[in-house]
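The values are calculated or read from the model by the stated rules, or taken from the named source; none is laboratory data. In this text the structure is predicted, and so the values were computed from the model without any measurement. Because the Cβ atoms are built from the backbone with ideal geometry, glycine has one as well, and the counts that use them run over all protein chains shown. What goes into the accessible areas is simple: the full protein's heavy atoms, side chains included, and nothing from ligands, DNA or RNA. Shrake-Rupley method; radii C 1.70, N 1.55, O 1.52, S 1.80 Å.
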Amino acid sequence: MDGVDLQSRLHILLHSNKPAECLEFPAIHSAISSIDGRLELLDGELSRLRHRLAELEEDRAALCRSRDQHVGILSPLRRMPAETLGEIFTWALPSLVDLDQRKSFIKQSPWVLTHVCSQWRATAISMPSLWSMLYVDRSYSLAAAEAQIPRAQRLKIHFYGSEEREVRPQVRLLPFLIEHSARWEDLNIQLTEGLLPVLPSIRNVPSLRRVAFEWNEDEDDDSDDEDDDAARSVVVDYLRTAPHLSDLRVCRQLSVAFAPAVHQLTRYHADAPWDTHRGILSANLALVEVHINVNPHPVWPATGQVIQLPQLRRLYVSHAALLQYLQVAVLEQFTLRLMWDETYVIPALDRFIRETANTVRRLCLRGLPHDALASQLISRYTSLTELAIIISGGDDYEFDEDSAHGTIPDDLVELITDLPTQIAGLHLAFEDTLPFDYELWADMLESRWLMGQGALRLVALCFNGRRRPKPDPGTLQRLRSLRRSGLEYKLVKGADLWDHIAPWMCRPMWY
């Protein structure tokens, strides 16, 4: 078979399923060998080119790095004064909320700033204000405190004790912090049974300005109520050595023996027996903001000395009855915890309302607002411009289970519908997850806004938790129309609820 016939025969075999003849096998093998040889040459050339391409890409990457380094020489950051860089570092510090959510303190400012470059490290370490806050949780160690404290001047201690983790590291860390108590400016401490014996070693706190005592609530489930007072008694005689102390908070689970020398408080927030409140209030005439939660429920004395608070501007009380023992002159914000059965205190409120009727501009009703008492308060405060209603204990409200959105209680509807025309701001918050009638809510807002009734300009609706009620599309469009027409309408949800209502609760935001 000559060459022409072979090529013709191969063409036929390549384009059909016909079998090759035995005599054709050598020619086919020869063709395959020829192709293998060409493939080997091409593979070699491709390997050489790939190697060269890799070399070129590596050279290019090196040149890019070199270029970036050269461009970095011209960066304004190199010429930025240390003071400006330090100001930027200050804005990079995490908030308490950020710290609550962290997994590792080393990945947040100011620690992370020390791992960028030598200039940043030197600047960060030279700024004591960056290192003043010690947020001691389960990720914070004694070694971290030993590194941080020398870099700070004043110390803001946030110590969160917990019985859910090993106690010994906490017990070792707290005494080390106490060694530096002369530099404490803030002390926010969550106590446990294991930490209580350590506290008496605190002796001198001359720079202390703000104190908050908390209790690890995880321990409450198995505690014996009869032993709580003895087990949780906290002596704070060292507060005698704090001439600048202005802010004090104590939670209800602690029995605190207050130092009688504390006379300069301007902020006071406590859950305590009435006798404890009375002693602190009587000794601190400069108080500007007070949160009084009386616990346990007291037996009010028939007569008692009236406590004068001439500088008081913001007041929260858990029981309306205690107002008969307070006298204020220029109160600007008043928050009252209400229960259904408190209409009997209306006569006792008469003097207090007369004294504050012309000064209170912000009124908050928390709990289960009863129409008789709430309406009287709102109507008699003629200077009122902003009203907050915080619904808590909502299980006592009855809702229509067949409704798609639930109902707003009649008392609440009447309160909002009959608001005085001078009210410019309205805040409605729900501490519990409850159904909500958005359609009725939109009706109430439109009745005041679209008809031009009064001075209403701001409305905030606040829900706790992510599973909040949602309006139907038609009602949502109505609410958006109110916003477009000029009403400042806010929807607050989840953790933001507590930040929104904290000022109404006279709760400081520093802890």
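What to note about this one:
- Every residue from segment 312-337 that is part of a strand (DSSP E or B), touching a helix residue (DSSP H, G or I) at 6+ places or on another chain (Cβ under 8 Å) and of a type in the set (S, T, N, Q): GLN327
- Test set (1) closer than 30 Å to LEU208 by Cβ; (2) among the β-branched types (Val, Ile, Thr); (3) touching a residue at least 12 places away in the same chain (Cβ under 8 Å) - VAL112 fails condition number: (3)
- Scanning segment 203-212 for residues that are of a type outside the set (Ser, Thr, Tyr) and open to solvent by 10 Å² or more (accessible area, probe 1.4 Å), we see that the one that is nearest to TYR135 (Cα to Cα) is ARG210.
- No other residue among ASP98, ASP68 is open to solvent by less than 90 Å² (accessible area, probe 1.4 Å) and charged (D, E, K, R) apart from ASP98.
- Residue within segment 114-126 that is of a type outside the set (A, V, I, L, M, F, W, C) and not in a helix (DSSP H, G or I) present: yes
- ALA424 vs. criteria small (Gly, Ala, Ser), closer than 17 Å to ARG361 by Cα, under 31 Å from the mean Cα position of the chain (by Cα) and surrounded by 14 or more Cβ atoms within 10 Å (Cβ to Cβ): yes
- On inspection, ALA62 fails the criterion of being under 30 Å from ALA143 (Cβ atoms) and open to solvent by less than 80 Å² (accessible area, probe 1.4 Å).
- Filtered residue count, segment 296-317, keeping only those that are open to solvent by 10 Å² or more (accessible area, probe 1.4 Å) and within 26 Å of the chain's Cα centre (by Cα): 2
Listed here are the residues, each with its yes/no results for (1) without any contact (Cβ under 8 Å) to a residue 40 or more places away in the chain; (2) not acidic (Asp, Glu).
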| residue | (1), (2) |
| --- | --- |
| ASP432 | no, no |
| SER447 | yes, yes |
| LEU461 | yes, yes |
| LEU487 | no, yes |
| MET505 | no, yes |
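- Residues of segment 431-461 that are under 23 Å from GLY494 (Cβ atoms), hydrophobic (A, V, I, L, M, F, W, C), open to solvent by 10 Å² or more (accessible area, probe 1.4 Å) and at pLDDT below 90: LEU434 alone.
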